[in-house]
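Visitor: Sending over a structure as structure tokens; questions will come in a sec.
The values are calculated or read from the model by the stated rules, or taken from the named source; none is laboratory data. Fair warning: this is a prediction, and the values are worked out from it, not measured in the lab. So basically every Cβ, Gly included, is an ideal-geometry build from the backbone, and we count neighbours across all protein chains shown. Keep in mind that these areas ignore ligands, DNA and RNA; they rest on the heavy atoms of the full protein, side chains included. Shrake-Rupley method; radii C 1.70, N 1.55, O 1.52, S 1.80 Å.
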Amino acid sequence: MAPSTPNNGPIKPNLTAFSDLLSSLNKVAVEVEDPYLKEKAQSLINELKNPVNNLHTVNQYLSFVTGPLSPSSPLAIALHQWAFMLLCIRFEQLGKEIGSFLKNKIKDPESLRSEVISSKKVRVDPKTTTSLLDSTIAQVDRLKEECQAIGNLPIPRFIPMPPMYDEGHDGALFLKRDEDDPNKTWHLQFCFDLKDLGPLEIQAQAQFPSIKLRFTSPSKEVLDLTQAMLPLLKERLQEIGVTTRLSLLRQAPITFKENLKGPIRKESGLDLEV
């Protein structure tokens with residue numbers, strides 16, 4: 001990953017299945033010589049990094065991260081095509097006929113014929129194909145494990161978010177609810193890597209209809225911009241019936257854990273209550 005800013009330094013890599021998948025796809029798009037394989041990798045990258053900017057795309061994205069192999073969104077369909085293409089190539093390399101296999105296993109093999117035909121054109125090292133297929137399946141399994149639901153609610157505890165710019169770090173949303181709390185307090189934690197600005201963490205403690213917010217960043221510029229936007233945020237929250245009880249700005253370093261439990265913040269820093 002490229003550093004966020006010279007002053008703040010790079011964010012420590014967060015080894016999630018999502019970022020691993022993007023990393024392996026980027027490597028294919030840059031290093032593999034076969035044009036068809038490069039095209040398919042870039043196509044999947046574009047789907048995975050498509051902006052999540054409205055309710056429809058949010059629903060599609062949540063559908064993908066909670067069921068990456070359930071073809072109910074463009075992201076999942078693109079991942080299906082990628083994995084199936086790799087499988088077809090592997091069959092060809094082993095000297096097996098994928099068409100015969102599909103005829104016995106799939107009710108409608110004609111719908112997959114284009115992938116079968118295209119895979120015959122691909123010329124790539126078998127070790128590369130095997131590695132890509134194994135890593136794709138492993139990353140999908142990890143993605144499902146990471147997105148475990150909260151209790152009986154259909155909401156995952158951890159949601160990876162696409163990078164906000166090329167070579168940017170994945171974002172993330174962590175959710176937790178205090179089951180023993182009579183008020184059923186929700187704790188939400190958003191982590192972003194902002195282009196040219198660096199990392200920003202937003203913590204929200206919600207006891208609806210009120211919410212307490214805390215913004216943390218090592219960058220004073222980020223916190224100044226955040227403070228300037230707080231009146232607009234408060235207004236938008238009030239429009240949907242949420243009252244902001246307290247907003248706290250904290251200037252402190254942020255380092256992302258590798259175990260998906262959230263960022264580590266050093267206690268040294270400057271707090272500003274708004």
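Visitor: If ligands, DNA and RNA are left out, what is the accessible area of PHE91 with a 1.4 Å probe, given in Å² to the nearest 10?
Guide: The value for PHE91 is about 40 Å².
Visitor: Roughly how many Å² is the accessible area per residue of region 125-259, as a whole number, for a 1.4 Å probe?
Guide: Here the per-residue accessible area is 53 Å².
Visitor: May I pose another question? Gap in Å between the Cα centre of region 58-98 and the Cα centre of region 125-190?
Guide: Here the answer is 18 Å between Cα centres.
Visitor: Just report the Cα centroid separation between region 211-244 and region 28-56, whole Å.
Guide: 33 Å
Visitor: Also: Pairs on different chains or at least eight residues apart, Cα atoms closer than 17 Å: how many lysine pairs in region 138-227 fit?
Guide: Summing the qualifying lysine pairs gives 4.
Visitor: Continuing with the same structure: Quick one: which of 197-207, 122-132 comes out on top by average Cβ neighbours within 10 Å, and what's the full order, highest first?
Guide: Descending mean neighbour count gives 197-207, 122-132.
Visitor: Another question, if that's okay. Please list LYS144, LYS27 in order of solvent-accessible area, largest first, computed with a 1.4 Å probe with all protein chains present.
Guide: Solvent-accessible surface, decreasing: LYS27, LYS144.
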